[in-house]
Every structure is written in structure tokens, then in C-alpha cells.
Amino acid sequence: MNRVDYQKQLDQILAGMDVNNRKRLLLHSCCAPCSSYVLEYLTRFFDITVFYYNPNIMEKTEYHKRVAEQHRLIEEMSKLYKKEILMVEGTYEPVRFLQEIHGLEDCPEGQERCRKCFALRLNEAASYAAGHHFDCYTTTLTISPMKNAAVLNEIGEAMGEKHQIAFLPSDFKKREGYKRSIELSKEYGLYRQNYCGCDFSKPKEERI
């Protein structure tokens, strides 16, 4: 089976865009470090609102730390690029996340528990994008070398169809996107977490 080249699809979409007629993009962000490269890349083409919805981050202190870093990065990038980047924080509802993944707590990382998590977050992003009349939406999650871009694009497209909002395909890790996110994290002094967010992504001995 041929693999879909999501970066090529994105290239084709961006090549056909009129930069003088900018569209509104809702960018679901998992964290500031991952969003850094994506914002640098896409602000040339879109008016971006970052949608921070991550109920999988189960520790309140960790959640608020990541939110604060996202706000700080957006403020600094908006000044640097002289383009306003907006941010919307979704509802923090870790109980909903636990309900969604119930029974999958010990599922290996990257499998069904993660699929459920992706679907929860992208469903919320697609719903918000459609309800607030964005032209399209996407997610920073494909920048991670630990996450399957094909699965994320499949879910993103399905949620886009469900809510009748276009999903922007991506594989942001390509073109050294992940490497660039690390460089930008250092430049901005961003806090980089060492686990995805849910307690189940940690080794068992480190779980709360």
C-alpha cells in the first residue's frame, strides 16, 4: 500500500494560496514547543488562532505551566512577525479524557488509547472551528516523531467531515520541522515537557 505524502499535499495547498487573501486557520496545539515551528511556518499563509485543548494533561500544575508557555510564545511571536496570533483555551476536562480512554489505561503508547485521545481533541477543535466560521483547521501533533501522521490525518479528516470544516493535511516533522522546533524552543527558552501529557504515558513507577 502506498503511503500518503501529507507534506506534499500541504505544499500543493500552500502553493495555490493567495497570500493577499489570507484564510483563517484554527491550529490545535499540544504545547508551545511543538507549535513554535508550525507558527513560524504557517503565519506566512494564514491568520492563525491557536486552540489549546488538551484534557489528557492530567496534572493541574503541569497543565497550567504548559498553557502559560503557550501564551508567552504567542505574544513573543506576534511581536516578532508583526502579525496578531490569537489563542483560545478550551475547557480543561481531564475527567472527560479518563472516560474516553477507560479500559485502555495499560494500552501500549501509540495505540488505541492514543487514537481515542487524538479523536477527543480533534473533534473539539473541528467543532470549534466550524462553529466560529474558520476556513480550516489542523493540529501541531504531526510534528512529533513519536506520533503517527497517517493516523492523525485520518482522524482529522473524519472530524472535519463530521463538522463540515476543511482539515489541513500535515506532517510537520518533515523538512526538519521537529529539529527546528527544538531550535526555536531554545531560542525562546521554552519549557519542554518529557512526556506527552496523560499519566499513562509515563513509566508506571512515575505515575501519580
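Structural remarks
- Selected residue (criterion: surrounded by the fewest Cβ atoms within 10 Å (Cβ to Cβ)) from residues of segment 129-140 that are in a helix (DSSP H, G or I) and touching a residue at least 60 places away in the same chain (Cβ under 8 Å): 140
- Unique match (being in contact with a helix residue (DSSP H, G or I) (Cβ under 8 Å, 6 or more places away or on another chain) and not in a helix (DSSP H, G or I)) among 104, 120, 152: 104
- Filter result for residue 126 (touching a Gly at 6+ places or on another chain (Cβ under 6 Å), among the small types (Gly, Ala, Ser) and either in contact (Cβ under 8 Å) with a residue 24 or more places away in the chain or in a loop (DSSP other than H, G, I, E, B) (or both)): yes
- Residue check for residue 149: surrounded by 15 or more Cβ atoms within 10 Å (Cβ to Cβ), in contact with a Cys (Cβ under 8 Å, 6 or more places away or on another chain) and among the small types (Gly, Ala, Ser): no
- For segment 153-165, the count of residues that are closer than 17 Å to residue 77 by Cβ, out of contact with any Asp or Glu (no Cβ under 8 Å at 6 or more places or on another chain), without any contact (Cβ under 8 Å) to a residue 40 or more places away in the chain and surrounded by fewer than 20 Cβ atoms within 10 Å (Cβ to Cβ) is zero.
- Residue check for residue 71: in contact with a Lys or Arg (Cβ under 7 Å, 6 or more places away or on another chain) and closer than 25 Å to residue 133 by Cβ: no
- Residue that is modelled with the lowest pLDDT, among those in segment 183-204 that are farther than 21 Å from residue 118 by Cα and out of contact with any Pro (no Cβ under 6 Å at 6 or more places or on another chain): 204
- Residue-level check: of (1) touching a Pro at 6+ places or on another chain (Cβ under 9 Å); (2) aliphatic (A, V, I, L, M); (3) assigned to a loop (DSSP other than H, G, I, E, B), residue 146 misses just (1).
- Some residue of segment 140-149 being among the charged types (D, E, K, R), under 16 Å from the mean Cα position of the chain (by Cα) and within 20 Å of residue 108 (Cα to Cα): yes
- Evaluated against (1) within 22 Å of residue 17 (Cβ to Cβ); (2) surrounded by fewer than 22 Cβ atoms within 10 Å (Cβ to Cβ); (3) aliphatic (A, V, I, L, M); (4) touching a Lys or Arg at 6+ places or on another chain (Cβ under 7 Å), residue 143 falls short on exactly one condition, (2).
The values are calculated or read from the model by the stated rules, or taken from the named source; none is laboratory data. Since this is a predicted model, take the numbers as computed values, not measurements. Here the Cβ is made from the backbone with ideal geometry for all residues, glycine too, and neighbour counts use every protein chain on show.
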